[in-house]
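In what follows, a single structure is set out as structure tokens and then discussed.
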Amino acid sequence: MTIKNKIVTAICSVSAIIGLIEAEEYISANDNHLRFSKAAMEVMGNAEGCRREPYLCPANIMTQGIGHTGKGVAVVNKASDKQIARWFAEDQLGAQNCIEINVERKLGKKIPQGAFDGIGSFIFNVGCPQFTSSTMYRYLLNGKIVAACEQLPRWIYAGKTILPGLVARREKEKALCLSR
């Protein structure tokens, strides 16, 4: 819809969506509750933004809600807060499952919450296959959490272009990752 040649998009509140997620119970494929801290959800949500209508992200992928690119995108023209919260929680669970299966199961223990949050936000953004083919992943499997966290600022490109939004996001993820 345009009004006086300005495009109007239907945005939503990241804080409201996080509140809906905190009020529900979401369980991972490994029967674990959603483990991301509120701070991690805020990093993910604020970096992605929240839009009710489908749109193309900088990587030219159809997206809706808070960075949701999976099932259901563009099925509805304007997603409700409840739908966006469900997508956001499910996408977080996907990142959580990636860590639980590919890192924690192999290590035989949980990684610290800060590392889980920072690296989980990264996985939420780029996907599990990118993560498991990274140096960051290899550092984690070798128990080198600080070295893994220090890899985050390297992931700031879309193609060959540095995206300022990714620079800011990776710094926040690194800070989460290094927190105890």
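Only the coordinates and a few stated rules stand behind these numbers; no lab work does. Just so it is clear, the model here is predicted, and its values are computed rather than measured. Note: ideal-geometry Cβ built from the backbone for every residue, glycine included; neighbour counts use all protein chains shown.
Using every pair of separate Cα atoms, the Kirkwood estimate puts the hydrodynamic radius of the range 60-101 at 10.8 angstrom.
Among the GluC sites (Glu not before Pro) within the range 6-99, which fall in a DSSP loop and have no more than 15 other Cβ atoms within 10 Å of their own Cβ? Intermediate values should be presented prior to the final figure.
On the way: sites: Glu22, Glu24, Glu25, Glu42, Glu48, Glu90; in loops: Glu24, Glu25.
Sparse-neighbourhood loop GluC sites (Glu not before Pro): Glu24, Glu25.
Label zone of Ser179 (point 7 Å out along Cα→Cβ, amide N under 20 Å): in the range 25-52 this covers 34-49. Computed from point charges on the beta carbon alone (+1 for Lys and Arg, -1 for Asp and Glu), the dipole magnitude for the chain about its Cα centre is near 480 Debye.
Quick check of the Kirkwood formula: for the chain, what is the inverse mean of 1/r over all pairs of different Cα atoms, in Å? List each step's numbers first, then the result.
Working: mean 1/r = 0.0596 Å⁻¹.
Its Kirkwood hydrodynamic radius stands at 16.8 Å.
Straight Cα distances below 12 angstrom link Lys109 to the aspartates and glutamates Glu100, with same-chain residues fewer than 8 positions distant left out.
Remark on Ala158: its backbone amide H falls under 5 Å from those of Leu163, a criterion applied only to residues 5 or more positions apart or on other chains, H modelled at 1.01 Å from N. Looking only at the range 74-94, which residues have a backbone nitrogen under 11 Å from a spot 7 Å from the Cα of Ile27 in the C-beta direction? Those under the cut-off are none; the list is empty. Cross-link partners for Lys174 among the lysines, with Cα-Cα distance under 17 Å and sequence neighbours closer than 8 places in the same chain left out: Lys38, Lys144. Between the listed residues Tyr26, Phe124, Pro153, the Cα displaced farthest toward the positive end of the dipole of the chain, a dipole computed from Cβ unit charges relative to the Cα centre, is found at Pro153. Bridgeable lysines around Lys82 (alpha carbons under 16 Å apart, same-chain partners fewer than 8 residues away excluded): Lys71. Please find, in a Gaussian network model of the chain (springs between Cα atoms separated by less than 10 Å), the residue of Lys106, Lys160, Lys82 whose mean-square fluctuation is greatest. Evaluated over the chain, the most mobile residue of the options is Lys160. Ordering Ile111, Asn60, Trp87 by Cα displacement along the dipole of the chain toward the positive end leaves Asn60 in first place; charges were set at the Cβ atoms of Lys, Arg (+1) and Asp, Glu (-1).
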